[in-house]
Amino acid sequence: MSEKEQCNHNCAGCAKNCEDRTAESLLKLPHPTSHIKKVIGIVSGKGGVGKSFVTSMLACAMNRKGYRTAVLDADITGPSIPKMFGIHEHAIGTEEGILPVVSKEGVKLISLNVLLESETTPVVWRGPVISGVVTQLWAEVLWRNVDYMFIDMPPGTGDVPLTVYQSIPLDGIIVVTSPQDLVSMIVAKAVNMASALNVPTLALVENMSYLECPDCKKRIEVFGSSKVEAAAKEFSIQTWTKIPIDPSVAAYCDAGKVEELRQNWLDPVIQVIE
Ligand code: ADP
């Protein structure tokens with residue numbers, strides 16, 4: 001039989017780079033015992049804008065609503081999810097696969113930091129190795145009975161996020177931005193990359209949008225007036241929201257207590273994904 005006749009058209013299980021291979025078929029299958037209903041990626045044009053914080057807040061909110069929730073920390077070079085949840089233990093490996101760690105309130109988590117010997121070991125890997133690790137976290141972790149998985153995506157629009165988009169079947173993305181990024185081309189690139197890969201952008205979150213005076217409650221727009229509404233309109237994104245600069249965010253995140261932070265900033269986003 002020729003190679004063509006042997007083809008079962010399941011490119012996910014085949015390493016050949018033949019002419020029939022399609023972008024869609026680069027998708028990796030999760031472990032046979034995994035069951036994940038919805039997968040939502042949290043993306044940003046660059047690092048440090050609060051992507052991990054928004055991922056954690058969304059996961060906590062959905063978990064509190066009674067959904068079985070998971071977080072896959074795909075930000076391999078800057079993994080901050082375990083720290084925000086106060087998790088310092090290691091994931092356990094079984095013969096079948098890796099078990100995610102479970103937070104105090106029951107969110108299942110996986111991150112390179114719960115697999116590495118030491119949390120401070122730097123990741124000095126090239127792009128293809130990093131994206132290979134992300135797909136392993138998707139395919140080799142036992143994600144049993146998950147209603148919502150939130151993926152803290154690698155920042156930017158380079159080869160690592162591209163591979164993640166092509167290997168994991170995302171139902172949609174949520175773009176997190178700083179007010180300054182909205183005036184540059186950074187956010188447009190992130191949104192356009194998702195749409196080129198047929199992944200819908202569900203919401204736009206402007207983090208560090210303003211500062212509220214604790215005494216008089218006046219809002220100070222530190223980086224100038226907000227552009228999130230106009231940007232959402234420009235990119236045809238139905239839902240947008242603003243998160244203020246709030247010292248309690250950094251305090252709860254740094255103390256590993258993100259699950260205890262109660263704020264309604266992300267309610268409009270939760271409504272669209274529910
Ligand atoms: P990213 O994942 O985009 O790199 P993080 O979510 O790790 O960014 O956030 C970077 C830092 O900024 C963290 O220490 C976090 O606690 C802090 N931070 C994020 N959003 C806010 C906010 N709205 N107010 C105050 N601190 C914030």
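The values are calculated or read from the model by the stated rules, or taken from the named source; none is laboratory data. If you're wondering where the values come from, they're calculated on a predicted model, not measured in any experiment. Note that each Cβ is placed from the backbone with ideal geometry, even for glycine, and that neighbours are counted across all protein chains shown. With ligands, DNA and RNA removed, areas are computed over all heavy atoms of the protein, side chains included. Shrake-Rupley method; radii C 1.70, N 1.55, O 1.52, S 1.80 Å.
Estimated from the Cβ-Cβ distance and a Förster radius of 22 angstrom, the FRET efficiency linking Cys216 and Arg262 is about 0.45.
Under the rule a/c < 1.5 gives rounded, and otherwise a/b versus b/c splits prolate from oblate, where does the range 206-255 land using the Cα gyration tensor? In terms of gyration-tensor shape, oblate.
DSSP beta bridges fully contained in the chain are about 15 percent antiparallel.
Of all DSSP beta bridges confined to the range 147-271, the antiparallel ones make up roughly 15%. Shape summary of the range 15-156, radius of gyration then Dmax from alpha carbon positions: 15.0, 48 Å. No solvent, one uniform scatterer per C-alpha: report log10 I(q)/I(0) for the range 110-265 via the Debye equation at q = 0.12, 0.17 1/Å, two decimals. Taken in order of the listed q values, log10 I(q)/I(0) reads -0.67, -1.23. Modelled label positions at Lys65 and Ala251, each set 7 Å beyond Cα in the direction of Cβ, lie 2.8 nm from each other.
Of the peptides 220-228, 80-88, the ranking by mean beta-carbon count within 10 Å, highest at the top, reads 80-88, 220-228. The residues neighbouring Asn145, those whose beta-carbon lies less than 14 Å from its own, together hold a net charge of +4 under the Lys/Arg +1, Asp/Glu -1 convention. Averaged over residues, the count of other Cβ atoms within 10 Å places the peptides 195-207, 125-137, 153-165 in the sequence 153-165, 195-207, 125-137, highest first. Ignoring any ligand, DNA or RNA, what whole percent of the accessible area of the range 80-180 comes from carbon and sulfur when the probe is 1.4 angstrom? Within the range 80-180, the accessible surface is 55 percent carbon and sulfur. What is the range 75-123 by shape, rounded, prolate or oblate, if you read a ≥ b ≥ c off the alpha carbon gyration tensor as root eigenvalues and call it rounded for a/c under 1.5, prolate for a/b larger than b/c, and oblate otherwise? Judged from the Cα gyration tensor, the range 75-123 comes out oblate (a/c at least 1.5, b/c at or above a/b). Provide Rg over Rh for the chain; use the alpha carbon set for both Rg and the Kirkwood Rh (inverse mean inverse pair distance). Rg divided by Rh gives 0.99.
Of Lys51/Lys227; Lys46/Lys257; Lys83/Lys108, which sit over 21 Å apart, Cα to Cα? With Cα atoms farther than 21 Å apart: Lys46/Lys257. So between Arg144 and Lys46, what do we pick up on full extension, going 0.36 nm a residue minus the alpha carbon distance? Residue separation times 0.36 nm, minus the Cα-Cα distance, leaves 32.1 nm. Label positions at Gln238 and Leu197, each projected 7 Å from the Cα along the C-beta direction, are separated by 2.3 nm. Within the shell of other residues whose beta carbon sits under 11 angstrom from the beta carbon of Pro179, the net charge comes to -1, with Lys and Arg scored +1 and Asp and Glu -1. If I compute solvent accessible area with a 1.4 Å probe over the protein chains, what percent of it on the range 187-274 is carbon and sulfur? C and S atoms contribute 51 percent here. Remark on the range 76-200: Rg and Dmax equal 15.4, 50 Å (Cα only). Going by alpha carbons, how many degrees (0 to 90, nearest 10) lie between the helix axis of 127-139 and the longest principal axis of the chain? Approximately 90 degrees, to the nearest ten.
Rolling a 1.4 angstrom probe over the protein heavy atoms with all chains in place gives the range 93-224 an accessible area of 46 Å² per residue.
Taking every alpha-carbon pair in the range 24-102 and binning the separations at 10 Å intervals from zero gives 14, 44, 37, 5 percent. Classification of the range 96-140 by its C-alpha gyration tensor yields an oblate form. The axis ratio a/c (a ≥ b ≥ c) is 1.5 or more, and b/c is at least a/b.
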